[in-house]
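Each remark here refers to the structure printed beneath this line.
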Amino acid sequence: MTVAEAVLDCGDLSTREINQRLRELPDGTAVRILEPWGRHNLAVGLTNRLDVRIEGDAGYFIGGLGDGPDVTVDGFVGWSVAENLMSGTVRVRGNASECAGASAHGGLLVVEGDASSRAGISLKGGTIVVAGDVGHMSGFMAQAGTVLVGGNAGHALGDSLYETVIYVAGHIASLGSDARVEALTDDDVRVVSDLVKTAGFDHVDPENVTRVASAKQLYNFDALKGQHY
């Protein structure tokens, strides 16, 4: 079966024109986006099943609001890559700026380099796998889903965490409010093994990661806690 192919050049088309043409393509189409040169908002809001490759560095909100396509960036990206992702995958071959995978409800974000601060902020069910380090406040208010960090984590990891579980292969600078380290179970090892295989990483030992989850002390607010009269 021949796979349909399309080529879109940022040198010739506006961002609006590129996204409109992407939305019009049939499922199963492979797309190459040329000369992105840091262009923002590429491949956003797509619901068709495309294989999109952005050939170069891109800007912010790449692959945001995606519900179906697989997007690969052969370079670095700006903030909020895969923001509000619903399904499908976004893979970044380089580094990602702030808020990678913010509010992602589903799907998979893979960052093959490092991610900056607040990676996975307000995560709502998606999966984020970072080969390298993540910055401070990563996993902030993450409500559901899974995060795997193949390198080190910055300060205040998992601050105000809910049901998301964060695995870290390297060093954790500090934990945020209501985050705690828990014992690694056999189920955790299986989860991490699957993530490592899916991401194509070979530097993470699934049996030698740190599990960070919520202590669940912030679930119910007590206005009188610690007060004396």
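Quick notes on this one:
- Looking only at residues in segment 128-153 that are of a type in the set (Val, Ile, Thr) and surrounded by 24 or more Cβ atoms within 10 Å (Cβ to Cβ), the one that is nearest to ASP187 (Cα to Cα) is VAL147.
- Per the conditions (1) buried (at least 23 other Cβ atoms within 10 Å of the Cβ); (2) farther than 23 Å from ASP202 by Cα, the sole criterion not satisfied by ALA156 is (1).
- Counted residues, segment 172-199 - those being within 16 Å of VAL129 (Cα to Cα), without any contact (Cβ under 8 Å) to a residue 40 or more places away in the chain and either surrounded by 14 or more Cβ atoms within 10 Å (Cβ to Cβ) or not basic (Lys, Arg) (or both): 4
- Test result for GLY126, closer than 20 Å to PHE201 by Cβ, modelled with pLDDT of 95 or more and part of a loop (DSSP other than H, G, I, E, B): no
- The residues on offer are ASP27, ASP57, and the sole one that is farther than 18 Å from THR127 by Cα, assigned to a loop (DSSP other than H, G, I, E, B) and over 20 Å from the mean Cα position of the chain (by Cα) is ASP27.
- Selection from segment 39-54 of residues that are in contact with a strand residue (DSSP E or B) (Cβ under 9 Å, 6 or more places away or on another chain) and either within 16 Å of SER14 (Cβ to Cβ) or in a loop (DSSP other than H, G, I, E, B) (or both): ARG39, LEU42, ALA43, GLY45, LEU46, THR47, ASN48, ARG49, LEU50, ILE54
- None of THR198, THR146 is polar (S, T, N, Q) and part of a strand (DSSP E or B) except THR146.
The values are calculated or read from the model by the stated rules, or taken from the named source; none is laboratory data. Small disclaimer: the values here were computed from a predicted structure and weren't measured. Ideal geometry is used to build each Cβ from the backbone, glycine not excepted, and the neighbour counts take in all protein chains shown.
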